[in-house]
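The structure appears below as structure tokens.
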Amino acid sequence: AQKITQTQPGMFVQEKEAVTLDCTYDTSDQSYGLFWYKQPSSGEMIFLIYQGSYDEQNATEGRYSLNFQKARKSANLVISASQLGDSAMYFCAMREGRSSYKLIFGSGTRLLVRP
Amino acid sequence: ETGVTQTPRHLVMGMTNKKSLKCEQHLGHNAMYWYKQSAKKPLELMFVYNFKEQTENNSVPSRFSPECPNSSHLFLHLHTLQPEDSALYLCASSPPQREKDTQYFGPGTRLTVL
């Protein structure tokens, strides 16, 4: 069973506008972590933001925020004030348990920012 | 100094060749990982090393042979590969896995098997 689902293979957004990238997950663990990574065409996976299952507040990092809805098992990434450099693949990932070394990745969403 | 480096960045090899991918991390981490990223598939974890000991082998074919001589270096030895092994191979490292600890990735090696 797929653990991380990203239903948007591709998205467009106008420069300076906000965009939401969807991520839903499936786990029976009470403790887990959710991550978002950005992968530019260069290939490197860049860590953006983390949300713990017990965190009461949504995580924010600069222009990135995570809309965490635990009951719905969703962890959507919101990018505000999109920039041309935000054009990339975006991956949602999950770690089950507090100390697992294993990250499970979704299939990704390709974001294209239009000038 | 870049955190995680990988060499080579691009590699083309025939099915009978033997080659090695190298990964080095300058972050003082104790865990290192190999991932495979194929077109249109999620990132797949291949191997995990923690303090030089292999802790995960995700049912990877034996034509892929990892080696971790120390906590800073990780190799992936390749032999008699198949065309379907063509992919981006990403190395990552991380500190001890506390709840918020993320993995830091290298730029990857783009492998093409002819």
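Miscellaneous remarks
- Considered as a group, the residues in the range A:68-99 that are assigned to a strand (DSSP E or B) and within 11 Å of chain B (Cβ to nearest Cβ) include one that is surrounded by the fewest Cβ atoms within 10 Å (Cβ to Cβ), and that residue is A:M89.
- Restricting attention to the range B:79-114 and to residues that are more than 28 Å from A:E96 (Cα to Cα) and crowded, with 20+ Cβ neighbours inside 10 Å, the residue that is nearest to the other protein chains (Cβ to nearest Cβ) turns out to be B:L111.
- Residue within the range A:30-47 that is in contact with a Pro (Cβ under 9 Å, 6 or more places away or on another chain), surrounded by fewer than 16 Cβ atoms within 10 Å (Cβ to Cβ) and assigned to a strand (DSSP E or B) present: yes
- Residues being touching a strand residue (DSSP E or B) at 6+ places or on another chain (Cβ under 7 Å), assigned to a loop (DSSP other than H, G, I, E, B) and either free of Cβ contacts under 8 Å to residues at least 12 places away in the same chain or of a type in the set (F, W, Y) (or both) - total across the range B:22-76: 1
- As for the range A:105-114, it holds at least one residue that is buried (at least 16 other Cβ atoms within 10 Å of the Cβ), within 14 Å of another protein chain (Cβ to nearest Cβ) and in a strand (DSSP E or B).
Rule-based calculations on the coordinates, nothing more; no lab input. As the structure is a prediction and not an experimental result, all values here were calculated from the model. We place every Cβ from the backbone using ideal geometry, glycine too, and count neighbours over all the protein chains shown.
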